[in-house]
1. Determine the sum of side-chain charges near residue 187: Lys and Arg each +1, Asp and Glu each -1, restricted to other residues whose C-beta is under 12 angstrom from that of residue 187.
2. When the dipole is taken about the Cα centre of segment 205-255, and only Lys, Arg (+1) and Asp, Glu (-1) are charged at their Cβ, what size is it in debye, to the nearest 20?
3. So what does the Cα-only Debye profile of the chain read at q = 0.09, 0.13, 0.14, 0.16 Å⁻¹, as log10 I(q)/I(0), no solvent term?
4. About the Cα centre, and with charges only on the beta carbon of Lys, Arg (+1) and Asp, Glu (-1), how big is the dipole of segment 204-312? Nearest 20 debye, please.
5. What does DSSP give for the chain in terms of the percent of beta bridges that are antiparallel, rounded to the nearest 5?
6. Could you check which residue among 93, 39, 146 shows the biggest mean-square fluctuation in a GNM of the chain with a 10 Å Cα cutoff?
7. Rounded to the nearest 0.05, what FRET efficiency do residue 32 and residue 135 have when you use their Cβ-Cβ distance and R0 = 51 Å?
8. Got the relative contact order for segment 1-47 handy, in percent, Cα pairs under 8 Å and 6 or more residues apart?
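Read-outs throughout are calculated quantities, based only on the coordinates presented, and are distinct from any laboratory measurement. Given the structure is predicted, the values throughout are model-derived calculations rather than measurements. Neighbour counts are summed over all protein chains in view; Cβ atoms, including those assigned to glycine, are modelled from backbone coordinates with ideal geometry.
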Amino acid sequence: MHIFVSGSLAYDRIMDFQGKFEDHILPDKIHVLNVSFEVNGLKENFGGTAGNIAYTLSLLGERSTLVSAVGKDFDRYQKWLEQNRIDPSGIRVIENVFTSGAYITTDLSNNQITGFNPGAMKFTSDYEFQDVSPQNALAIISPGNVDDMLIYSRKYKALGIAYIIDPGQQIPVLTGGNLAEMISGSSMLISNDYELDLIRKKTGLSMDDLLKRTGSVITTMGENGSLILTLDGEEKIPAVKTGRVLDPTGAGDAYRAGVLKGMILKETLGSSARMGAVCAAYAVECHGTQDHFFSMDEFHQRYRENFGSTGS
């Protein structure tokens with residue numbers, strides 16, 4: 001199976017705030033907001049939506065092709081990709097800029113404030129899909145360069161390649177028309193519950209309208225699990241039990257990798273979402289987005305402990 005993962009590649013600088021944002025942000029003073037949070041150290045990680053998804057896919061035994069643009073400082077990340085059997089052939093290097101950087105601060109309630117420098121993500125990745133068999137290909141369009149997101153959705157439809165659309169953090173800068181176009185013809189729309197509300201508001205589409213345009217809608221809800229919606233009905237998927245939550249950053253990307261793995265194995269949507277839930281649990285138990293690890297034996301054991309059986 002040829003798996004294409006488009007989206008951002010970034011260096012994540014992750015910080016922990018040993019308090020709660022809500023204790024320092026006064027609702028009646030939002031218009032003159034001026035706050036400072038003292039953080040408990042800083043850790044740099046390899047990240048970005050595409051990189052995070054591809055990493056967990058690698059743990060699941062799948063080699064994917066990354067499609068993204070990066071900057072002149074990408075050498076360290078490139079070595080990491082090669083160590084994890086991730087195909088970098090779809091990456092375009094922009095020599096005069098830096099790779100995207102995310103600056104993420106998480107408080108004790110797992111709320112996050114993120115500053116993001118797009119860097120090379122301002123440039124399209126210009127990947128050409130050559131000699132690809134549509135029957136043996138699967139793609140996910142995760143948040144990245146907005147032109148790439150629209151262009152690749154059009155290319156996948158023209159080539160007959162099944163794809164998941166995951167607009168995520170780019171919803172605010174996408175037009176309602178572009179969002180509706182990308183969703184139409186996709187195999188799945190995946191987002192968290194807040195993002196789904198934004199999508200519906202921007203596009204003016206009801207849930208029924210969305211389901212007429214895509215094969216299914218999966219909504220993630222953190223510790224409350226996820227929800228699968230199709231024209232045939234809905235299915236609630238519980239979250240997987242965790243030892244302790246250290247960092248929620250990247251859990252959604254890990255979830256998406258599990259869903260992709262299930263689709264590759266031709267599992268049901270429910271089984272695919274459960275695989276996603278297991279991957280997400282591993283992610284939240286580690287700091288950083290590509291620091292978690294599991295063997296396939298460990299993965300299947302954890303699936304069985306939470307859901308009773310594993311399909312493959």
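1. Once positives and negatives cancel, what remains is +1.
2. 120 debye
3. Debye curve over Cα of the chain, log10 I(q)/I(0) at q = 0.09, 0.13, 0.14, 0.16 Å⁻¹: -0.43, -0.94, -1.10, -1.45.
4. With only Lys, Arg, Asp and Glu charged at Cβ, the dipole is about 160 debye.
5. So the antiparallel bridges amount to about 40 percent of the total.
6. With Cα springs under 10 Å in the chain, the top fluctuation among 93, 39, 146 is at 39.
7. That pair, residue 32 with residue 135, gives E of 0.30.
8. 59 percent
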